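See structure below.
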Amino acid sequence: MLVFKIIGIGICGTVLALTVKQYRPELAIAVPVLSAAAILLLCVPYLSSVLTMFQNIAEESGIDTAYVKIVIKIIGVAYICQFASDICKDAGESSIAGKIELGGKVVIITLSMPIIYGLLELTSKIISF
Amino acid sequence: MDGVDLIFKVAAIGILVAVLNVLLVRAGREDQAMMTTIAGLVVVLLVVLREISELFNTIKSLFGL
């Protein structure tokens with residue numbers, strides 16, 4: 001099962017990170033980054049099947065595919081920003097992690113602008129009847 | 001599965017550099033000890049860089065970013 005593989009990688013990464021941290025603190029940041037990347041790469045095929053299912057459902061239910069694409073992009077941005085900010089927090093740089101999250105929020109807001117405009121148009125149309 | 005092997009490789013490099021460092025310092029060659037530390041750091045960063053770029057490319061293609 002995928003879960004056991006992920007847990008195994010996570011625990012091995014933590015143990016190795018601790019051992020390396022004693023001897024070479026500057027190399028100790030590489031091990032968590034690599035284990036996080038390995039786990040993410042393991043999840044990617046499952047994630048792509050979920051996303052295609054999500055798109056099919058949206059197409060059948062008649063939702064505008066542009067909005068669904070934006071939602072998927074926002075999920076991707078959130079996914080990556082979480083990955084990067086957790087790594088920075090691991091290394092002890094919580095201020096950099098906060099800035100990465102701020103940047104991610106800004107990107108998500110700009111990505112979601114068309115949706116907000118669409119919503120406003122819809123409501124104004126409804127109210128104007 | 002290549003990601004998992006990389007973790008062990010990087011950990012092995014880290015411990016190897018630490019051992020080499022102690023040996024060289026004990027042998028009285030501090031400058032070479034510094035060299036091996038920097039060399040180990042560069043190798044590890046290159047490995048991490050390649051793995052992260054592969055991750056970002058898959059995420060980019062997956063989410064259409």
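Each reported figure results from applying straightforward, stated rules to the coordinates on display, with no laboratory input. Bear in mind the structure is a predicted one, so any value in this text is a computation, not a measurement. Cβ: placed from backbone, ideal geometry, glycine included. Neighbour counts: every protein chain shown.
How many lysine pairs are close in chain A, with Cα atoms under 22 Å apart and the two 8 or more places apart or on different chains? Don't skip to the answer; put the middle values down first.
Details: A:Lys21/A:Lys89; A:Lys69/A:Lys105; A:Lys73/A:Lys99; A:Lys73/A:Lys105; A:Lys89/A:Lys99; A:Lys89/A:Lys105.
Eligible lysine pairs with Cα atoms under 22 Å apart amount to 6.
Quick one: order A:Phe83, B:Phe8 by neighbouring beta-carbon count within 10 Å, fewest to most.
On the way: A:Phe83 19, B:Phe8 14.
Listing A:Phe83, B:Phe8 from fewest to most nearby Cβ atoms yields B:Phe8, A:Phe83.
I want to verify a result. In a Gaussian network model of chain A, Cα cutoff 10 Å, which of these has the top mean-square fluctuation: A:Ile74, A:Ile109, A:Ile100?
Looking only at A:Ile74, A:Ile109, A:Ile100, the biggest GNM fluctuation is shown by A:Ile109.
Between A:Val15, B:Met35, A:Ala36, whose Cα lies farthest towards the positive end of the dipole of the protein assembly as shown when Lys and Arg beta carbons carry +1 and Asp and Glu beta carbons carry -1, centred on the Cα centre?
Final value for the positive-end residue is B:Met35.
Within 10 Å of each Cβ in A:73-84, how many Cβ atoms from other chains are there, averaged over the peptide?
Values: counts 3, 2, 2, 6, 3, 1, 4, 6, 0, 0, 4, 1.
Mean partner shielding for this stretch: 3.
How many angstrom lie between the C-alpha centres of the stretch A:95-112 and the stretch A:1-76?
Each part reduced to its Cα centre gives a spacing of 19 Å.
Under the 0.36 nm per residue contour assumption, what length would be gained going from the current alpha-carbon distance of A:Leu120 and A:Ser61 to full extension? Mind showing how you got there, number by number?
On the way: separation 59, 0.36 × 59 = 21.24 nm, distance 2.14 nm.
The span from A:Leu120 to A:Ser61 would gain 19.1 nm if fully extended.
Using alpha carbons only, how many degrees (0 to 90, rounded to 10) separate the axis of helix B:30-63 from the longest principal axis of chain B?
The helix B:30-63 is inclined about 10 degrees to chain B.
Running a GNM on chain B with Cα contacts under 10 Å, which residue among B:Val48, B:Val25, B:Val17 ends up with the highest mean-square fluctuation?
B:Val25
With θ taken as phi - 60° and the coefficients 6.51, -1.76 and 1.60, list the Karplus ³J(HN,Hα) couplings across the stretch A:106-121 in order, rounded to whole Hz; mark glycine and proline as x.
4, 4, 5, 4, 5, 5, 8, 4, x, 5, 4, 4, x, 4, 4, 4
What number, in percent, do you get for the relative contact order of chain A if the mean sequence gap of Cα pairs under 8 Å and at least 6 apart is divided by its residue count?
Details: 67 pairs, mean separation 22.8, N = 129.
For chain A, the relative contact order is 18 percent.
Is chain A rounded, prolate or oblate when judged by the Cα gyration tensor, a ≥ b ≥ c being the square roots of its eigenvalues, rounded requiring a/c under 1.5 and prolate requiring a/b larger than b/c?
Details: a/c = 5.20, a/b = 1.92, b/c = 2.71.
Because a/c hits 1.5 or more and a/b fails to exceed b/c, chain A counts as oblate.
Only four residue types carry charge here, +1 at the Cβ of Lys and Arg and -1 at the Cβ of Asp and Glu. Report the dipole size of chain B about the Cα centre in Debye, rounded to the nearest 20. Kindly include the intermediate steps, with their values, before the conclusion.
Values: 5 positive and 6 negative charges, 16 e Å.
Charge dipole of chain B: 80 debye, to the nearest 20.
Need one value for A:33-43: mean number of C-beta atoms belonging to other chains within 10 Å of its residues' C-beta atoms. List each step's numbers first, then the result.
Working: counts 8, 15, 5, 4, 11, 9, 2, 4, 9, 3, 0.
Shielding by partners across A:33-43 averages 6.
Helix B:2-26 versus the longest principal axis of chain B: what is the Cα-based angle in degrees, 0 to 90, to the nearest 10?
Value to nearest ten degrees: 20.
What number comes out for the charge environment of B:Asn21, summing +1 per Lys or Arg and -1 per Asp or Glu over other residues with Cβ under 11 Å away?
Details: positive: A:Arg24, B:Arg26, B:Arg29; negative: B:Glu30.
Combined, the nearby Lys, Arg, Asp and Glu give +2.
Gaussian network model of chain B, Cα springs within a sub-10 Å range: biggest mean-square fluctuation belongs to which of B:Gly40, B:Gly14, B:Gly28?
Among B:Gly40, B:Gly14, B:Gly28, the largest mean-square fluctuation in the Gaussian network model of chain B belongs to B:Gly28.
Count charges around B:Ala11 for me, please; just the other residues with Cβ under 12 Å from its Cβ, Lys/Arg as +1, Asp/Glu as -1. Please report the intermediate quantities before stating the final value.
On the way: positive: A:Lys21, A:Arg24, B:Lys9; negative: B:Asp5.
Neighbour charge sum, excluding B:Ala11 itself: +2.
Residues with beta-carbon under 15 Å from that of B:Val47, excluding B:Val47: net charge, scoring Lys, Arg +1 and Asp, Glu -1? The partial results should precede the final answer.
Numbers: positive: A:Arg24, B:Lys9, B:Arg50; negative: A:Glu26, B:Asp2, B:Asp5, B:Glu51, B:Glu54.
Here the count lands on -2.
Calculate the mean, over all residues of peptide A:105-111, of how many other protein chain Cβ atoms lie within 10 angstrom of the residue's Cβ.
On the way: counts 0, 0, 1, 0, 0, 0, 1.
Taking the mean over all residues of the peptide, I get 0.
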